[in-house]
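The values are calculated or read from the model by the stated rules, or taken from the named source; none is laboratory data. Because the structure is predicted, anything quoted here is derived from the model rather than measured. Cβ placement follows ideal geometry from the backbone for every residue including glycine, while neighbour counts extend to all protein chains displayed. Keep in mind that these areas ignore ligands, DNA and RNA; they rest on the heavy atoms of the full protein, side chains included. Shrake-Rupley method; radii C 1.70, N 1.55, O 1.52, S 1.80 Å.
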Amino acid sequence: MELKEIARQLQGKAANLALRMPISWVNLLAGAPITVDGRMLDARTQWFLQLLAHSGQQPLHRLGVQQARAEFDMFQAVMSGRPAPVGEILDRTIPGPGGRLRVRIYRPAGTVARLLPAILYFHGGGWVIGSLEAYDLPCRFFCARTGCAVVAVDYRLAPEHKFPAGLDDAVASFRWLAQDAVELGIDPDRIVVAGDSAGGTLATVAAQQVRGEARTPCLQWLIYPATDLAADTPSHTSCGQGFLLTQADMEWFRGLYLNDLSEITDPRVSPLRAGDLSGLPPALIFTAGLDPLRDEGRAYAEKLAAAGVKVVHREFESLIHGFVGMRGALQAAARAMDDMVAGLRHELARLGR
């Protein structure tokens, strides 16, 4: 039977296959290791990408918005693993610039602290796809493993709501949480702004927007953030095809998100272009080695450091964009998430808060 036919039959079960197959089989089936820019792709990830490539799965930019949203949510649910135990999950709405804004609050089990640190989390998805449901399992994991409350924000998406709608929601949600934190059992001095991909962009721009206010984030936790929508760094070329997120996908997201491409130079769109990054909270920045966004994430870390902001940057060189949603299928992704959680816990302890 041809690999293409095998992959088609295994579609929907690829995550379990990638996770459970012995690594010796994976190495045999995946073929010669793939190396780009001196970084070798994780073997199990390589095999998983091959399965997807032969399954007939269409790239996001060819699906249309509604189908892309549905398939992304399904992909996240399959890949993210089992639900981590948490103490409480509460759905509620808060006031937002465009009307009521949905948030989901996770509290860890067995906590005795009166006021918990909190992670204000903005999901990835190119400002177009992604949802509270798609990120439910990662948010449960972050809550259970960090000991923090997690507040996930269902910010408005493009193309129905173009820039700056999602950003306005992000800023409003931070101000709401800082104001109502004590009522929610959260310490207003220990709010981390966090997110992956487009969500990482929203998190760091929100930190810029509230700089100088009475309450600001204590930390930025940025996972492969998009920091320059010009998308012209070398990694956009070297990693722009074959590693799940493609150049064509990024152009599709960008075209749906922005009102006009002239907005690329706006620092609220491309935070790497901000003139002054001083006075921002310390940042933990995590990037993936085989990711079109790799170079701009590193460049943003370097620019923050040059502005006097404490920065810890780590690249998971064998991984691809989107690994936050792959914990259940790829051991390398699971290890990376464990490391990110450990880094966050360490920084919160180091800050003495």
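Residues of the stretch 166-182 include at least one that is over 20 Å from L277 (Cβ atoms) and in contact with a Phe, Trp or Tyr (Cβ under 7 Å, 6 or more places away or on another chain). Looking only at the stretch 143-162, residues that are open to solvent by less than 10 Å² (accessible area, probe 1.4 Å) and under 29 Å from L258 (Cα atoms) come to 6 in all.
For the stretch 297-340, the tally of residues that are basic (K, R) and farther than 15 Å from D196 by Cβ stands at 4. One residue stands out in the stretch 166-188 among those that are open to solvent by 30 Å² or more (accessible area, probe 1.4 Å) and within 23 Å of the chain's Cα centre (by Cα): the one that is nearest to I129 (Cα to Cα), namely D168. Those strands (runs of 3 or more DSSP E) of the stretch 48-124 in which at least 3 residues are surrounded by 13 or more Cβ atoms within 10 Å (Cβ to Cβ), under 22 Å from the mean Cα position of the chain (by Cα) and free of Cβ contacts under 8 Å to residues at least 60 places away in the same chain, considering only elements entirely within it, cover 99-107. Among the residues of the stretch 33-47, count how many are acidic (D, E) and either open to solvent by 60 Å² or more (accessible area, probe 1.4 Å) or assigned to a helix (DSSP H, G or I) (or both). The total comes to 1.
A count restricted to the stretch 256-304 and to residues that are open to solvent by 10 Å² or more (accessible area, probe 1.4 Å), free of Cβ contacts under 8 Å to residues at least 60 places away in the same chain and part of a helix (DSSP H, G or I) stands at 9.
Evaluating T265 against the criteria (1) out of contact with any strand residue (DSSP E or B) (no Cβ under 7 Å at 6 or more places or on another chain); (2) at pLDDT below 95 leaves one unmet condition, (2). Collect the residues in the stretch 334-353 that are open to solvent by less than 30 Å² (accessible area, probe 1.4 Å) and in contact (Cβ under 8 Å) with a residue 60 or more places away in the chain, keeping them in residue-number order. Of everything in the stretch 334-353, those that are open to solvent by less than 30 Å² (accessible area, probe 1.4 Å) and in contact (Cβ under 8 Å) with a residue 60 or more places away in the chain turn out to be A334, M337, M340, V341, L344, E347, L348.
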